Every structure is written in C-alpha cells, then in structure tokens.
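*Asks:* I am attaching a structure below and will ask some questions about it afterwards.
The values are calculated or read from the model by the stated rules, or taken from the named source; none is laboratory data. Keep in mind the model is a prediction, meaning the values are calculated, not measured. Counting neighbours? That spans all protein chains shown, and the Cβs are built from the backbone with ideal geometry, glycine included. Ligands, DNA and RNA are excluded from the accessible area calculation, which covers all protein heavy atoms including side chains. Shrake-Rupley method; radii C 1.70, N 1.55, O 1.52, S 1.80 Å.
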Amino acid sequence: MHDPNAMPGASSEAMGSLQADLVMQSGGAVDRVFALREGRTTIGRDGRCDVRIALPRISPRHCEIVLENKRATLLSRDEDLGTLLNGQVISEAPLAHDDEVSVGPVTFRVVLKESNSDVPA
C-alpha cells in the first residue's frame, strides 16, 4: 500500500523504480518534456497543477498520472471534457511506453523507463 506521508520514490529506490516523462507534441515537433515523479502528478489549468496548461478547453484539474509499484496509471478528473488515451476516452487506464495522452487540444507522448538504483549515478 502507498504511504502518502513517505518521501516520493523512497519505497521503490532499493528495487529500482519506474521513471516517466510526458513529451508535449505540437504538429510533429517536440515542444517540452515534463519529468513525472513517483506518486501523483496533476495536469490541468489550475496554477497548483504539476503540469499546467493555461487553455480554456482544459479543466482546472483535468487528469492525474500516478506512478507507484512500477506502474503508471492515467486517471481522468473531468467527465465533461474527458481525457483520451490513444484516441479513446478513459476514466482510468494503465499507461504503456509510447502511449498518447490527449488533454483538450494538447497531446503528450508517454516515455517510460525503469531505473535500477544498483547502478551508480
């Protein structure tokens, strides 16, 4: 079970952990890369979101990505505007490498990689 009071990444460092990036795409060109942290990452228009997209077609708290137990899960938080995973509306779905997440008019590519903490930095 995930301990909400634990430091992000602390429980999985000994065994390695899942690392993830969201790559914002625009017309085939890569715009920005957002590194996701262990735990919960919020995406939306609100200034308190981890990934802020200041567009009117984005909900204040549109969706979340949860990284824990070497898994990535996408959770939609807006029933009206919806969140798409590979073109399909979802409420909750596991993420895989190279999946496409669409939040309003913005599309992200998911980059997943497993890190091994036994390897020196």
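*Asks:* Of (1) open to solvent by 90 Å² or more (accessible area, probe 1.4 Å); (2) touching a strand residue (DSSP E or B) at 6+ places or on another chain (Cβ under 6 Å); (3) more than 20 Å from Ala20 (Cα to Cα), Pro94 satisfies all except one. Which?
*Replies:* Looking at each condition in turn, Pro94 falls short on (3).
*Asks:* Next question, about the same structure. So which pairs qualify, if the first residue must be in segment 55-70 and open to solvent by 10 Å² or more (accessible area, probe 1.4 Å), the second must be small (Gly, Ala, Ser) and not in a loop (DSSP other than H, G, I, E, B), the Cβ gap must be under 9 Å, and the two must be at least 6 apart or on different chains?
*Replies:* From residues that are open to solvent by 10 Å² or more (accessible area, probe 1.4 Å), the pairs are Pro60/Gly44; Arg61/Gly44; Val66/Gly39; Val66/Ala72; Glu68/Gly39; Lys70/Ser17.
*Asks:* Could you list, in sequence order, all residues of segment 34-55 that are of a type in the set (D, E, K, R) and out of contact with any Phe, Trp or Tyr (no Cβ under 9 Å at 6 or more places or on another chain)? So that I can check it myself, show each step before the final result.
*Replies:* The first filter runs over segment 34-55 and keeps only residues of a type in the set (D, E, K, R), leaving 37-38, 40, 45-46, 48, 50, 52.
Residues satisfying the conditions are Arg37, Glu38, Arg40, Arg45, Asp46, Arg48, Arg52.
*Asks:* Looking at segment 71-91 only, could you name the residues that are open to solvent by 90 Å² or more (accessible area, probe 1.4 Å) and within 19 Å of Gln19 (Cα to Cα)?
*Replies:* Hit for segment 71-91 is Arg71, nothing else.
*Asks:* Mind telling me which of the residues Gly47, Gly39 ends up being surrounded by 12 or more Cβ atoms within 10 Å (Cβ to Cβ) and modelled with pLDDT of 65 or more?
*Replies:* Matching residue, one of Gly47, Gly39: Gly39.
*Asks:* Filter segment 71-94 down to the residues that are touching a residue at least 24 places away in the same chain (Cβ under 8 Å) and small (Gly, Ala, Ser) and list them by number.
*Replies:* Ala72
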